[in-house]
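The values are calculated or read from the model by the stated rules, or taken from the named source; none is laboratory data. Since the structure is predicted, the reported quantities are computational estimates derived from the model, not experimental observations. Quick reminder, even Gly has a Cβ in these numbers, built from the backbone with ideal geometry, and neighbours come from all protein chains shown. These accessible areas exclude ligands, DNA and RNA; they are computed on the full protein's heavy atoms, side chains included. Shrake-Rupley method; radii C 1.70, N 1.55, O 1.52, S 1.80 Å.
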Amino acid sequence: QVQLVESGGGLVQAGGSLRLSCAASGRTLSSNAMGWFRQAPGKERAFVATIDWTSDTIYVDSVKGRFTISRDSAKNTVYLQMNSLKPEDTAVYYCAARNAPYATRVSSLYDYWGQGTQVTVSS
């Protein structure tokens, strides 16, 4: 069984940076697509970024140029570098993995989820 554990969340001022990590265990996920989603208070879970097995990436428009998703296959870990953070980035951030190599924005196509890590950006 695959387990995903996020870390790196916290409180940061607007304009600051955070790096989220998602460590996978139970199976090597180097050939799997991985994604980051977020859920703000009172809102549905939303797509943020995804990376496929070739390390090609897709981002939601609101984070392009500010966030970078990457993976370290040797560590079985995916990262989300978040720069120039804004108050509207405040949310619980979730890591997800697919039983497939191709990236997608669709949350229902992901098979494994972490418990989430809180990111709070103060103005």
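I'd like the antiparallel share, as a percent to the nearest 5, of DSSP beta bridges with both residues in the chain.
Antiparallel bridges: around 90 percent, rounded to the nearest 5.
Could you give each residue of region 26-42 its phi-based ³J(HN,Hα) in whole Hz, using Karplus coefficients 6.51, -1.76, 1.60 with θ = phi - 60°, and x for Gly or Pro?
Values per residue, Gly and Pro as x: x, 6, 6, 10, 5, 9, 10, 6, 10, x, 10, 10, 9, 9, 8, x, x Hz.
Taking the Cα centre as origin and putting +1 on Lys and Arg beta-carbons and -1 on Asp and Glu beta-carbons, what dipole magnitude results for region 1-65, to the nearest 20 debye?
Here the size comes out at about 160 debye.
May I ask you to order 33-40, 100-107, 64-71 by the average number of other C-beta atoms within 10 Å around their residues, highest value first?
So the peptides 33-40, 100-107, 64-71, ranked by packing, come out 33-40, 64-71, 100-107.
Please state the charge dipole magnitude for region 35-85, taken about the Cα centre, from unit charges on C-beta atoms (+1 on K and R, -1 on D and E), reported in debye and rounded to the nearest 20.
With only Lys, Arg, Asp and Glu charged at Cβ, the dipole is about 200 debye.
Pop out the ³J(HN,Hα) list for region 44-59 in order, Karplus 6.51 cos²θ - 1.76 cosθ + 1.60 with θ = phi - 60°, rounded to Hz; leave Gly and Pro as x.
These are the phi-based 3J(HN,Hα) values: 7, 4, 10, 5, 10, 7, 8, 9, 9, 5, 9, 6, 5, 10, 9, 10 Hz.
Leaving ligands, DNA and RNA out of it, report the carbon-plus-sulfur percent of the accessible area of the chain at a 1.4 Å probe.
On the chain, the fraction of accessible area on carbon and sulfur atoms equals 47 percent.
Taking the Cα centre of region 1-118 as the origin, how large is its charge dipole in debye, to the nearest 20, when only Lys and Arg (+1) and Asp and Glu (-1) carry charge on their Cβ atoms?
With only Lys, Arg, Asp and Glu charged at Cβ, the dipole is about 60 debye.
Write down the accessible area per residue of the chain in Å², having rolled a 1.4 Å probe over the full set of protein chains.
Accessible area per residue, the chain: 50 Å².
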